[in-house]
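The values are calculated or read from the model by the stated rules, or taken from the named source; none is laboratory data. Predicted, not measured: the structure shown is a model, and the values here were computed from it. Cβ sites come from the backbone with ideal geometry, for glycine too, and all protein chains shown count toward neighbours.
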Amino acid sequence: MRFQGYFLLWAGLVALPAARVAAQQVPPLGDQKDWTDQDKREFLDYLRSNQPMPKGEARDIALPRGTVAAERPAWALELAPATVTIYPYDKNGYGSTAGGLLGARALYERHFFTWVRGYAGFEGVPMDEKESSGATADLVRWAIPVGLEFALVPLGTSQTRYVILRAGVEAADMTGAPAGSFLTPLTGPSAAWDVALGWERQIPDTHWRMNIALDGLHSITSPGGVGYVGFGATAALAYTF
């Protein structure tokens, strides 16, 4: 008798989970907006029980022929006022500075990972530089920047705020005056390394984000023996698609 009592006790304990699963019911799926917290808990318990969904309550919707249900990488368009100041140099040292006025930059950004983006864009900044004669020439610096951008979240800060690191190259062309007008001419095509440090913040519950960044340039090419270093700044607004 004692053995039979133990057997019945263990059988009852084993049967309890099965009885509980069997007792679980699916709340009315057509009135989900009216579900109580109890309804939500019961529905989750029902899903965890691996029971089949009642017929007529849920249905599969086939995709149109030729479509592929694949996740598309996010991309963004960024627009910013921009300025840059250029310091040309040759074997004799630094020449007259090309001061930057307010221009504009547009970037296309493609997300490779949540924290790595590729970018390419276009930039135009009006500038002025003193000629050999002492007169001031009006120039325009056109540039095509290309590179990688790293959005890093500092420890202990919000996930919507990042430190931005950019590393890339840019092809540039300075127009507006003949090269012979300057002792250290910047006019004409050139290429430069471009690195930047900035700060970015996502605007909550939107596709928008804003950032500010400081750029540093160093020429790769030196036509006529003239190279340059430069410093720039941008304040951007970006929209992620």
When the stretch 34-60 is checked residue by residue, the ones that are at pLDDT 70 or above and of a type in the set (D, E, K, R) are D34, D37, D39, K40, R41, E42, D45, R48
Pairs needed: first member in the stretch 222-241, closer than 18 Å to I212 by Cβ; second member anywhere, among the hydroxyl-bearing types (S, T, Y) and surrounded by 14 or more Cβ atoms within 10 Å (Cβ to Cβ); C-beta distance under 7 Å; at least 6 residues apart or different chains. G230/T85; G230/Y87; F231/T85; G232/T83; A233/T83
Being among the aliphatic types (A, V, I, L, M), farther than 12 Å from G227 by Cα and part of a loop (DSSP other than H, G, I, E, B) is the filter; apply it to the stretch 176-193 and report the residue that is nearest to the chain's Cα centre (by Cα). A177
R161 over 18 Å from A233 (Cα atoms), surrounded by fewer than 19 Cβ atoms within 10 Å (Cβ to Cβ) and among the basic types (K, R): yes
Find all pairs meeting these conditions: Cβ atoms under 7 angstrom apart; at least six residues apart or on different chains; first residue within the stretch 193-205 and in the same structural domain as G216 (by TED's automatic domain parsing) and touching a residue at least 24 places away in the same chain (Cβ under 8 Å); second residue in a loop (DSSP other than H, G, I, E, B) and surrounded by fewer than 15 Cβ atoms within 10 Å (Cβ to Cβ). W193/I220; R201/T160; Q202/T160; P204/T160
Surrounded by 15 or more Cβ atoms within 10 Å (Cβ to Cβ) and at pLDDT below 95, is that true of G95? yes
Could you tell me which residue of the stretch 213-241 is modelled with the lowest pLDDT, considering only residues that are farther than 22 Å from S96 by Cβ and surrounded by 15 or more Cβ atoms within 10 Å (Cβ to Cβ)? T240
Given (1) exposed (fewer than 15 other Cβ atoms within 10 Å of the Cβ); (2) in contact with a helix residue (DSSP H, G or I) (Cβ under 8 Å, 6 or more places away or on another chain); (3) in a strand (DSSP E or B), where does F150 come up short, assuming only one miss? (2)
